[in-house]
Structures are given as C-alpha cells and as structure tokens.
Amino acid sequence: MRLQTQKLALSAATGGCLLAAAGVVAWGLQSPALSPLGNYAVSTRTTPVDDAIEQQPAPTREEFAQLCERPLRRPLYDPPPPKPVVKQLPPLRVELLGTIIDGDNSMAIIRSEQGKVEYRRNGESVGPVDSPARLVEIQSDSVLLERADERVTLKVQSNGRR
C-alpha cells in the first residue's frame with residue numbers, strides 16, 4: 001500500500017470516530033435518563049451503613065481543618081502517662097513562742113524564719129509566702145496548722161520558765 005493511500009485510510013477512520021462520538025453525545029442528550037442497568041429493576045434497599053452515612057452532616061470547614069492538622073505519623077500504641085511529680089513542700093521554719101486565749105480573739109505568737117515575731121489569728125497564714133500554712137486552731141500550749149493535705153501541730157517551747 002502506498003503512503004498516500006495509508007494517509008487517506010487513517011483520515012477516513014479518524015473522521016468516522018469523530019462522527020460516532022458526536023452521535024453518542026447527541027443520543028445521550030436526547031434520550032431519557034436510564035439506570036446504569038438498562039430497563040432492569042433497580043433495588044432501592046439500603047444497608048444500615050448507608051443510612052448512617054446519609055444521616056451524618058457534612059463536616060464544617062473548621063472540623064476539616066482540624067482533621068487535616070492531625071499528625072499522620074504516630075506511635076502504634078499510646079505510651080503510658082508520665083508519673084505525677086510530687087511537689088515537696090519546704091519545711092515550716094516557724095516557732096511558737098506563746099498563745100493568748102481570749103475566746104474569738106485568741107492569738108498565736110510566732111517567730112518567723114527571719115526571726116520576726118508575728119501575732120496571728122485563726123484563718124491567717126503562717127510561714128513562707130510561696131507555701132504558707134493556715135492557722136486552724138489555737139490552744140493554750142499549741143496551735144494546729146494546715147498546709148495542702150497536711151496538718152502540723154506546733155507546741156510552745158518551754159525552757160523551764162513560765
């Protein structure tokens with residue numbers, strides 16, 4: 001076969017393909033919509049999974065953005081949580097010098113860490129500023145202090161004098 005005859009045959013085949021494609025498009029626009037299975041009956045039953053998917057609302061833009069920000073590389077298991085750090089409170093470096101008992105006006109005479117003498121009532125704080133103790137009860141020779149979940153009793157230091 002000559003080269004000119006081959007070109008003519010290929011041009012004719014190309015033209016035929018283009019006409020067939022145009023015919024298919026025209027037929028698709030004219031004919032009524034058919035199911036993918038033709039005229040066969042199509043089942044309308046759905047599965048519970050399909051129902052659940054249809055009932056879920058579409059994610060919002062913010063939810064989708066959060067989903068996109070999730071790290072894809074994660075460990076295959078969750079590591080155990082870190083052990084809680086128990087904060088060790090510094091010791092109370094206060095000394096009970098004496099008490100004044102007068103009903104609701106009772107007071108405790110306390111020497112602070114710096115050597116300063118302070119008068120405290122029930123409910124007031126005693127000790128360092130970063131971890132003070134609260135004065136709970138004043139008795140004749142002792143006071144009860146509460147700090148965190150700990151209760152401490154301070155007694156009057158007697159040096160043989162009264």
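The values are calculated or read from the model by the stated rules, or taken from the named source; none is laboratory data. Here the structure is a predicted model, which is why all the values come from computation and not from measurement. Counting neighbours? That spans all protein chains shown, and the Cβs are built from the backbone with ideal geometry, glycine included.
Odds and ends about this structure:
- Selection status of residue 22, over 32 Å from the mean Cα position of the chain (by Cα) and modelled with pLDDT of 85 or more: yes
- Of the strands (runs of 3 or more DSSP E) lying entirely inside region 80-153, those containing at least 1 residues that are of a type in the set (S, T, N, Q) and surrounded by 13 or more Cβ atoms within 10 Å (Cβ to Cβ) are 95-100, 142-147.
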